[in-house]
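We did not get these values from a lab; they are worked out from the coordinates using the rules stated. The shown structure was predicted, so the numbers you read here are calculated from the model rather than taken from an experiment. Glycine also receives a Cβ, built like all others from the backbone with ideal geometry; neighbour counts cover every protein chain displayed.
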Amino acid sequence: MRFKLSLEYLGTRYSGWQIQKNARTVQGELQHAIETATGQRRFELYGSGRTDAGVHALLQVAHLEIETKLAPDRLRFAVNDELPADINVLAVEKAPPRFHARHGAVGRSYLYQVSRRRSAFAKPFVWWVKDALDFPRMRKAAAAFVGQHDFRSFTADDPDEKSTEVRVESVELREEGDLILIRVRGSHFVWKMVRRMVGVLVEVGRGSLPAMQVPLLLRDASNLPASYTAPPSGLFLERVLYEGETLDRPLTAVFPLI
């Protein structure tokens, strides 16, 4: 039987989503919880995509192929009872046999939170930038990312082994109090891409990188975006979209600064 799992997690303590040897990961914790809850050792658990170490998820999606007599709600309760407090299964639904969490996804949305002030509470969820940031310059520069581009300069993936062509549907920026919110929507993303996009926009906001240089970073191979990589703390996988679904969450802070 195949299930669709929707889950949220705080990524601070984990080395990303995907199972790794000698590292604590979200998928590893979820797999262990499913084994304990169902007594099964043979099943397929596949996520919609990787999130980097320290990155959070408001809504990650996975599919689970397993033999169990547990109804979806009972399965969710049983798995949550075995999970650490910073990982939570939001919903379990029966899925068609051909549903695939990764290959069936038609869009993804990431949210990044940049803080303009120091915070005693929000540090795990923001990137505090001490320098003054020119918000209009950042928003203007963000327009260069929209469309189909080769993001080879914005990823740690090897372009000779994996395509670095990505279509970015939109990049939205909004000010909310002392936060600058950056939402990036696209068909898919390559490794570290969003964090490097944010890092470049912050450099533009600082005034240390001309906005006109952003299109050149997309056109020509460059090491600059790597040096500007934003920390994972401010990044959230916001939504994974499937056929017929739309992003209905307004662009607002996950943890507002009061």
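In 5 Å bins starting at zero, report the fraction of Cα pairs in the range 64-104 per bin as a rounded %.
Per 5 Å bin, starting at zero, the Cα-Cα P(r) for the range 64-104 comes out as 5, 19, 28, 22, 18, 8, 0 percent.
Given points 7 Å out from each Cα along the Cα-Cβ axis, report the Ala23 to Ala91 separation in nanometres with one decimal.
In this crude spin-label approximation the distance works out to 3.1 nm.
For the residue pair Gln148 and Asp134, what label-to-label distance in nm results when each label sits 7 Å from Cα along the Cα-to-beta-carbon direction?
Result for the modelled spin labels: 3.3 nm.
Could you work out the helix-only [θ] at 222 nm for the chain, with each DSSP H run of four or more residues adding -39,500 (n - 2.57) and the total divided by the number of residues, to the nearest 500 deg cm²/dmol?
Helix contribution divided over all residues of the chain: -6000 deg cm²/dmol.
Counting other beta carbons within 10 Å of each residue's own, what order do Ile182, Ile66 fall into, fewest first? Could you put the intermediate results ahead of the total?
Numbers: Ile182 26, Ile66 17.
Ordered from fewest to most neighbouring Cβ atoms within 10 Å, Ile182, Ile66 come out as Ile66, Ile182.
What whole-number value in cubic angstrom gives the convex hull volume per residue for the C-alpha atoms of the range 2-94?
Looking at the range 2-94, the number lands at 83 Å³ per residue.
With 10 angstrom as the radius, rank Arg42, Arg108, Arg206 by how many other C-beta atoms surround their C-beta, starting from the fewest.
If I rank by nearby Cβ atoms, fewest first, I get Arg42, Arg206, Arg108.
Could you point to the residue in Thr25, Ser227, Leu7 farthest towards the positive end of the chain's charge dipole, with +1 and -1 charges on the Cβ of Lys/Arg and Asp/Glu respectively?
Ser227
May I ask you to list the aspartates and glutamates whose Cα is less than 19 Å away from that of Lys130, ignoring any residue fewer than eight positions away on the same chain?
List returned: Glu175, Glu176, Asp178, Glu203.
Return Thr246, Thr229 ranked ascending by Cβ neighbour count within 10 Å, so the fewest neighbours appear first.
Ranked by crowding around the Cβ, least crowded first: Thr246, Thr229.
Using the Kirkwood formula over every pair of different C-alpha atoms, what hydrodynamic radius in Å results for the range 168-258?
14.7 Å
In whole angstrom, how long is each semi-axis of the equivalent ellipsoid of the range 106-242, when you take the square root of 5 times every eigenvalue of its Cα gyration tensor and sort them from largest down?
Numbers: eigenvalues 104, 59, 37 Å².
One finds semi-axes of 23, 17, 14 Å for the range 106-242.
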